[in-house]
1. Among the numbered conditions (1) within 30 Å of residue 122 (Cα to Cα); (2) of a type outside the set (A, V, I, L, M, F, W, C); (3) under 15 Å from the mean Cα position of the chain (by Cα), tell me where residue 206 comes up short.
2. What are the pairs, 6+ residues apart or on separate chains, where a residue within segment 178-189 that is free of Cβ contacts under 8 Å to residues at least 60 places away in the same chain has its Cβ under 8 Å from a residue that is in a helix (DSSP H, G or I) and surrounded by 17 or more Cβ atoms within 10 Å (Cβ to Cβ)?
3. Can you tell me which residues in segment 80-103 are touching a residue at least 24 places away in the same chain (Cβ under 8 Å) and touching a Lys or Arg at 6+ places or on another chain (Cβ under 9 Å)?
4. Has segment 246-253 got at least one residue that is β-branched (Val, Ile, Thr), modelled with pLDDT under 95 and surrounded by fewer than 16 Cβ atoms within 10 Å (Cβ to Cβ)?
5. So for segment 113-130 (the condition being closer than 19 Å to residue 178 by Cβ, part of a strand (DSSP E or B) and not aromatic (Phe, Trp, Tyr)), does at least one residue qualify?
6. Residue 202: touching a residue at least 40 places away in the same chain (Cβ under 8 Å), assigned to a strand (DSSP E or B) and out of contact with any Leu (no Cβ under 9 Å at 6 or more places or on another chain), yes or no?
7. Checking residue 214 against (1) within 17 Å of the chain's Cα centre (by Cα); (2) in a loop (DSSP other than H, G, I, E, B), which single condition isn't satisfied?
8. Looking at (1) modelled with pLDDT of 75 or more; (2) under 29 Å from residue 270 (Cα atoms); (3) outside any strand (DSSP E or B), find the lone condition where residue 168 falls short.
Amino acid sequence: MEKDDDIKGNNNSYDFGARMYDPRIGRWFSPDAKVYEYASPYNFVLNSPISSIDKEGNDVYLIIWFTKDGKIGHVGIVVANYKEKKLEVEENGECIKRLARVPDGTVTYYDFWPKNGSGKSNFDKDTEGKVNKVKLNIVDIFSEKMELPAPFGKTKEFPNDLGSGTMKQPDGIVKINSEYNVDKLIHNKLSEIFNSQNTKNKPKYNGVSNNCTTFAVCGLIEIDELSNVKGLEHLKTDGSKLLRIEPVDVNSSTPNFLFKEIMKIIKENPKLGEILKNNGVGGDFINEVTKERLKDETPNN
């Protein structure tokens, strides 16, 4: 935090990195980079300074399309981008200039897909993967018009998949408080996978062991409180000849179970983040994908 003495006089305004604050009127000089439809962009920690914190506006967002009503579901992860800013801080009576990294109001969206689609016949087989990396304004995450590109549309085996080329508004959004050093680790790890698409070691997608959920988990585990997160669900069914589904008995990370796991962690540790959107998370993967025509035999909690 820096005192902005030259403009407002001694001790009259403070620089929190992302924006300036005037304590005399209790207002920021500029809108928050994080915009919520239900709150003024000039508020501080959603007007809840006792229960909420705002370190520097550094956040990671988990974006989830639930597995529900025949739809497979999907997971994406959003990480803050930064810029360098020169700050003057007072230490031991001396004014010291420092170079700091602060959020620049934009974010990068990452996700992982099977490049040519995945269905009942090859869901547990390795296929070529496709990593998306898209720079967005932070407000785009909360826009009702937000649409993110999907590399494939409807398939013959799953005609009720995410749509034809674009995805609808996400069903769940989780904000996770973070900081620059952690965000840098997440960027580096996910960007490395993204860049590997141009090498001989292209990423392989597997609906069971290396899917969109496990990709997001690769980034999330860089956050200390989420280092053990997996989103694992036990999938078990004897299959169905009518639905052309083979018997399954595997553990797999799924969108719904990742959301439920993160939701439980945040409930136990509210300062870690908050659930910004929950349109009703679905149940077991097999039950939801087959619209209850096939039951998962595992008693999941």
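The values are calculated or read from the model by the stated rules, or taken from the named source; none is laboratory data. Keep in mind the model is a prediction, meaning the values are calculated, not measured. Positions of Cβ are generated from backbone atoms using ideal geometry, with glycine treated the same way; all protein chains shown enter the neighbour counts.
1. Single failed check for residue 206: (3).
2. Listed by first residue and then by second, the contacts come to 189/218; 189/219.
3. Going residue by residue through segment 80-103, those that are touching a residue at least 24 places away in the same chain (Cβ under 8 Å) are 80-82, 85, 87-90, 100-103.
Residues satisfying the conditions are 81, 82, 85, 87, 88, 89, 90, 100, 101, 102, 103.
4. Within segment 246-253, the subset β-branched (Val, Ile, Thr) is 248, 250.
Those still in the list that are modelled with pLDDT under 95 too: 248, 250.
If we keep only those that are surrounded by fewer than 16 Cβ atoms within 10 Å (Cβ to Cβ) as well, we get 250.
Yes, because at least one residue in segment 246-253 is β-branched (Val, Ile, Thr), modelled with pLDDT under 95 and surrounded by fewer than 16 Cβ atoms within 10 Å (Cβ to Cβ).
5. no
6. Numbers: touching a residue at least 40 places away in the same chain (Cβ under 8 Å): yes; assigned to a strand (DSSP E or B): no; out of contact with any Leu (no Cβ under 9 Å at 6 or more places or on another chain): yes.
Considered against the rule, which asks whether it is touching a residue at least 40 places away in the same chain (Cβ under 8 Å), assigned to a strand (DSSP E or B) and out of contact with any Leu (no Cβ under 9 Å at 6 or more places or on another chain), residue 202 comes out as no.
7. All conditions pass for residue 214, except number (2).
8. Unmet for residue 168, out of (1) modelled with pLDDT of 75 or more; (2) under 29 Å from residue 270 (Cα atoms); (3) outside any strand (DSSP E or B): (1).
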